[in-house]
Amino acid sequence: MSIDKKRWIVLLLHIIILQAIQFPYFISVLAGPLNETRNWPVVTLMLVFTVAIWCYSPAMIICSKISEKIGERKLLMAVGTLYAGSIVVSAFVKSAAAFIAFGGVFAGFGMMGLMMAQLSSIGKYFPDKRGLAMGLYFGPGIALFSFLMIPVAKCINLTSVTTTIIGMGIIFGIVIVGVSFFTKDPPKGYIPEKWEEEGNPVESLLAGPEYNWIEMIKTPAFYMLFVALLGLQVGGYSMTGNVSLMAQSALGVSDTQGAFFSMLIFIGTGIGGLISGILVDKIGGGSTLLAISAVSALVLIVYLVMAQGVYSMFAAVTLVLGVGQGGYATVQASVVMNVFGVKHYGTNLGIFGIAMIISALIGPTLAGSAVVNTVFIVSMLVNMIGAAASLAYIKFEKRIFRKFESQRKQIENV
């Protein structure tokens, strides 16, 4: 089987691994039972998710350096073992602080390191369809993950929260290490056959801008992209962990009915990941961010001006902000490699992760301390700012590629 076909199998394997690497997201299911059995405050336990997000940048940067030495496949196995072991240990600790350390810091570092290895592998395997591949990874991958919440909750009821956490660690470890064994690192300089057949010389296909993180942060494009991504994330993070309570407050629905909106935002995230991936390949990352930000702001304006308390419009806002969350993940993963290069990908992605850390602080804090309309007004404003930043980014991105083409022509003429 040719590499052009095998890469799709590798992508499928990465989507399977994705289902096993998101332990910190299960804290919404685990917090209640841990509070009942160990008397740990729910508010304190929610820090598991927060500190896991804080691990994004250091994990991306450190694991990218390790990946350069041993490759993505070996990194997946090594970090997967650390991740799974941390989850198992977290089941036996005696304090909430220790649980946060193992379930949030160590498991969070492992989660982000595993994701870095996967994104790096996918990006290298799909230089011609990078947006689509990233969209398939984040879109259906995250949508499938949302269905794991119910089995975990049932397992807690049938056994105990301690047994469930131990089982999650063991099963996740087997899935990550076992499936990683069948993956393969992309060949250096891989170019799909059909892409070559389009008439472009291999040299031009392989060539592209290459920026280390210091060079990257000196470009105006970096700051505009950073602001645009931040705008999408704030709205998404404000809804992800609090949408059920927000729906109960805004619509007067029951907690059971509110749970529908928790599922809806994950569905939106999946749709957003897939659609944005397709759009990145068709119209570019900047235009994709502009479209998502503008639509998000428009839907929020309609709700605030004309449809407050209307069930269908609240559902539309939830879905659209979920789309923005999925779109952010796909666009960031694709554009950072497309514009700033493959060589320093993990480190550069880690720098952009600072936007994720900031939004993870602002979004949940805003949702937990403000009324629903205030959350939506802030989300509307940051999406409008994000749309404006996207317009500016498109201009600066073109400048980067014009500069690269000019430099390459000068070298060719020497």
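The set of residues in segment 157-191 being crowded, with 18+ Cβ neighbours inside 10 Å and not in a helix (DSSP H, G or I) consists of Thr183, Asp185, Pro186.
Out of segment 68-92, which residues are touching a Ser or Thr at 6+ places or on another chain (Cβ under 6 Å) and either assigned to a helix (DSSP H, G or I) or under 28 Å from Gly236 (Cβ atoms) (or both)? Hits for segment 68-92 are Glu72, Arg73, Leu75, Leu76, Met77. Checking each residue in segment 110-129 for being in contact with a Ser or Thr (Cβ under 9 Å, 6 or more places away or on another chain) and surrounded by fewer than 24 Cβ atoms within 10 Å (Cβ to Cβ) picks out only Gly123. Restricting the search to segment 292-340, which residues are within 17 Å of the chain's Cα centre (by Cα) and among the hydrophobic types (A, V, I, L, M, F, W, C)? Ile292, Leu319, Val320, Leu321, Val323, Ala329, Val331, Ala333, Val335, Val336, Met337 - these are the residues of segment 292-340 that are within 17 Å of the chain's Cα centre (by Cα) and among the hydrophobic types (A, V, I, L, M, F, W, C).
Checked across segment 27-43, the condition of being buried (at least 21 other Cβ atoms within 10 Å of the Cβ), closer than 17 Å to Gly350 by Cβ and either in contact with a Ser or Thr (Cβ under 6 Å, 6 or more places away or on another chain) or in contact (Cβ under 8 Å) with a residue 40 or more places away in the chain (or both) holds for no residue.
Restricting to segment 208-235, and then to whatever is touching a helix residue (DSSP H, G or I) at 6+ places or on another chain (Cβ under 8 Å) and not in a helix (DSSP H, G or I), can you tell me which residue is farthest from Ala360 (Cα to Cα)? Among those that are touching a helix residue (DSSP H, G or I) at 6+ places or on another chain (Cβ under 8 Å) and not in a helix (DSSP H, G or I), it is Gly208.
For segment 66-109, the set of residues classified as polar (S, T, N, Q), more than 22 Å from the chain's Cα centre (by Cα) and crowded, with 23+ Cβ neighbours inside 10 Å consists of Ser90 only.
Tell me yes or no: at least one residue of segment 88-98 is in contact with a Cys (Cβ under 7 Å, 6 or more places away or on another chain), of a type in the set (Gly, Ala, Ser) and in contact (Cβ under 8 Å) with a residue 12 or more places away in the chain. No: zero hits.
Select, from Glu196, Glu215, the only residue that is at pLDDT below 90 and among the charged types (D, E, K, R).
After ruling out the rest, the residue left standing is Glu196.
The set of residues in segment 264-291 being surrounded by fewer than 22 Cβ atoms within 10 Å (Cβ to Cβ), more than 17 Å from the chain's Cα centre (by Cα), over 20 Å from Ser379 (Cβ atoms) and not polar (S, T, N, Q) consists of Asp281, Lys282, Ile283, Gly284.
Residue-wise test of (1) assigned to a helix (DSSP H, G or I); (2) touching a Gly at 6+ places or on another chain (Cβ under 6 Å); (3) not small (Gly, Ala, Ser).
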site: Val280; (1), (2), (3): yes, yes, yes
site: Ser287; (1), (2), (3): yes, no, no
site: Ser293; (1), (2), (3): yes, yes, no
site: Val302; (1), (2), (3): yes, no, yes
site: Val305; (1), (2), (3): yes, no, yes
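Results for (1) over 13 Å from Ile21 (Cα atoms); (2) at pLDDT 95 or above, shown as yes or no for each residue.
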{"site": "Thr50", "(1), (2)": "yes, no"}
{"site": "Ile61", "(1), (2)": "yes, no"}
{"site": "Gly71", "(1), (2)": "yes, no"}
{"site": "Lys74", "(1), (2)": "yes, yes"}
{"site": "Gly80", "(1), (2)": "no, yes"}
{"site": "Val88", "(1), (2)": "yes, yes"}
{"site": "Ala107", "(1), (2)": "no, yes"}
{"site": "Gly123", "(1), (2)": "yes, no"}
{"site": "Arg130", "(1), (2)": "yes, no"}
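The values are calculated or read from the model by the stated rules, or taken from the named source; none is laboratory data. All values reported here derive from a predicted model rather than from experimental measurement. Neighbour counts run over all protein chains shown; Cβ positions are idealised from the backbone, glycine included.
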